[in-house]
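Working notes, beginning with the structure itself.
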Amino acid sequence: MAETDVPALFASLQEAIEEGDYDRSLHICDEILTAAPDNALAKQCKVLSFLNLQKFQEALEFIVPKKKGAWGKDAAVVGFVFERAYCLYRLNRLKESAELLTSVPAPRSLDLQLLEAQVAYRLQDFDTCIRIYEQLLKDTGIEIDKREVTVNLTATLVSSNRFDEVLERYTKGKQARAAMKDSHELAYNIACAIIDSGDLHAAKEQLQMAEDVCRKSFADDSLSEDEIRDELAVFQVQLAYILQRENQTAEATEMYTNVLKNKPSDPSVVAVAANNLMTVRGAGHSLFDSLKRINQAASELNETRLTARQRIAIAFNRCLLLLQMNKFDECKTQLEMLQSQYPDDSRTIAIQAALLLKEKNVETAVDLLKNYMSSHKNADNINFILAQIQVNNSDWEGAASTLRSSANRFQPGVVTTVVQLYERSGNMESSCKALEEAVDHWQSKASGNEESQAVYASLLRAHADLNLKMKRYAEATASYQKILEEVDGTDIGALSGLVFAASYFKPSLAEQYQARLPRIDTISSVDAEELENAGLPKRADERRQQAKTADNAAVSSNVSASTVGAVDKKKKKKKQKMWKSPN
């Protein structure tokens, strides 16, 4: 048997790798390892070939063989920590990848640190991710593409809801503005930060600028128009999202649809566009097409760079869509999977309750929601769902009590709803008590805050008016006095309300404040003596009869005038025209 020419095989291997023919390089590596099982370079090239072919499971099995000693004497797993961690990352085994990376003692290579940051980002461990990127930017002893690290850092800050830091660091000053114009990725991330800040108009402008920078960058690289369109898909999806936020649903729908028609190469873009298209259509619209879209998004999840929050949103939206389509069995199957993966997520309880309501099992749904609320403090979405169910079943007082247990119970809209629900149930005392608690809450926040002060004034006025309506004159007077002393001393409505309320139990106070009411100017044309001698006002039925007589007179007058006109000038009667019958 002829001896294998290993040097010649290595020459062929180098040629295959340089040409990017990784199937061939993989075959050559096998030949080399057959002749020299302990050859470390051949092993390294084989792992490289697997990674470039995206055969991550095969690469992992080769690096960590099931049979001990299968690698020969060296068993050099330690030398492939990065490759092993990267395979786990790409296979979505993120916790295993993170554990492996953190087990490597310092100092760690740049590649290991960057991979650890990516894994932390996917695990939503944003603090670790930010710490790594900021440390790399400060380290002057390593060669690194600082622009790329900055792009990743801004993406992480936005994802961790620290958009204000992004805007503070990267939008102020000439250097920051120049960096944006030099990197469309950075400009895009800043646009995302502006969206989160709520300034959608500014976000549109920033996104357009980022798209222009991107288009110019790829045009300089001599990319085709189709390739440029593919790169711009992410900008189009984000712009569609802004339009969706602005309730421009038709424009957003068209943009999402056009992006999906062009079949973007980035599965993350496909997943987000498909999911958002389903949500923008709303409940009951194009359900079958929406199911196709959301299934498309779900199928892309393992191949995307989506965050855990985005993945969860897509999975839950699919479950909701199945519920809307009355596919209860499929919905229950999907829900069971979500409950096993995210047992503490309130959305699983909401969907479970919706399924019970579909089955007309209202009491069980209400009990389910109440039990969840009793064991979870921050469950306002469940709180509002329960209140809505109670309203639908005319349990006005129960709905009011549910809303009063919410963490947002002092928000003006919630307070107004609670008051109306109690009034509808006839429980005016609880209605007044709810308003009183809200007034005390906003009074503690009103100092130095104009918005809080405006809310406090509005609720205080509502509290005073409600007390007046309930004939609780002392309480109404006290509230009106607070308005005049703490909010606006010239408020005529509060002043007149105070005078009216105080007159029932403390006339002296009413007279005191009555003096502050503006005087009504005397009308010179009115004769006081004539006014005194005038007869009593006529009764309402007499006034109605007189009005009816006057109306009839006016009608008669009009008819007469019309008749006179007809006599003076007779019009020739036109012969009626007949439509021609069809043949």
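Read-outs: derived from the displayed coordinates by stated rules, not from any lab. Bear in mind that the values here come from a model prediction, so they are computed numbers and not experimental data. Here the Cβ is made from the backbone with ideal geometry for all residues, glycine too, and neighbour counts use every protein chain on show.
How large is the Rg to Rh ratio of the stretch 156-238 when both quantities use alpha carbon positions and Rh follows Kirkwood? Working shown, then result.
Working: Rg = 13.0 Å, Rh = 13.1 Å.
Rg/Rh for the stretch 156-238 comes to 0.99.
Each residue of the stretch 211-220 in turn: what ³J(HN,Hα) in whole Hz from Karplus with 6.51, -1.76, 1.60 and θ = phi - 60°, glycine and Pro shown as x?
Each residue's phi maps through the Karplus curve to give 5, 5, 5, 5, 4, 5, 4, 7, 5, 5 Hz.
Sorted from largest down, give the three principal axis spans of the alpha carbons of the stretch 414-476, whole angstrom values.
Its Cα atoms span 37, 25, 13 Å along the three principal axes.
Order 241-254, 456-469 from most to least packed using the mean count of other Cβ atoms within 10 Å.
My ranking of the peptides, most packed first, is 456-469, 241-254.
For the stretch 121-180, just list the percent of Cα-Cα distances falling in each 5 Å bin from zero outward, please.
Spelled out bin by bin, the stretch 121-180 gives 4, 18, 27, 25, 18, 7, 1 percent.
Based on a Kirkwood Rh over C-alpha pairs, give the Stokes-Einstein translational diffusion coefficient of the stretch 305-348 at 37 °C and viscosity 0.692 mPa s in µm²/s.
On the way: Rh = 10.6 Å.
D, rounded to a whole number, is 309 µm²/s.
How long are the semi-axes of the equivalent ellipsoid of the stretch 290-428, defined as square roots of 5 times the Cα gyration tensor eigenvalues? Whole Å, largest first. Before the final figure, lay out each step's value.
Values: eigenvalues 206, 56, 33 Å².
Gyration-tensor ellipsoid for the stretch 290-428: 32, 17, 13 Å.
What pairs in Lys138/Lys181; Lys377/Lys482; Lys181/Lys204; Lys377/Lys471 have C-alpha atoms more than 27 Å from each other?
Working: Lys138/Lys181 23 Å; Lys377/Lys482 34 Å; Lys181/Lys204 16 Å; Lys377/Lys471 38 Å.
Pairs exceeding the cut-off: Lys377/Lys482; Lys377/Lys471.
Can you give the net charge of the other residues whose Cβ lies under 12 Å from the Cβ of Gln244, counting K and R as +1 and D and E as -1?
Details: positive: Arg245, Arg281; negative: Glu246, Glu251, Glu254.
Every neighbour counted, the sum reads -1.
Could you please tell me the mean projected area of the C-alpha convex hull for the stretch 176-322, averaged over all directions and given in square nanometres to one decimal?
With the hull built on Cα positions only, its mean projection is 9.0 nm².
Taking Cα atoms of the stretch 365-518, Rg/Rh with Kirkwood Rh, to two decimals?
Computed over Cα atoms, the ratio is 1.07.
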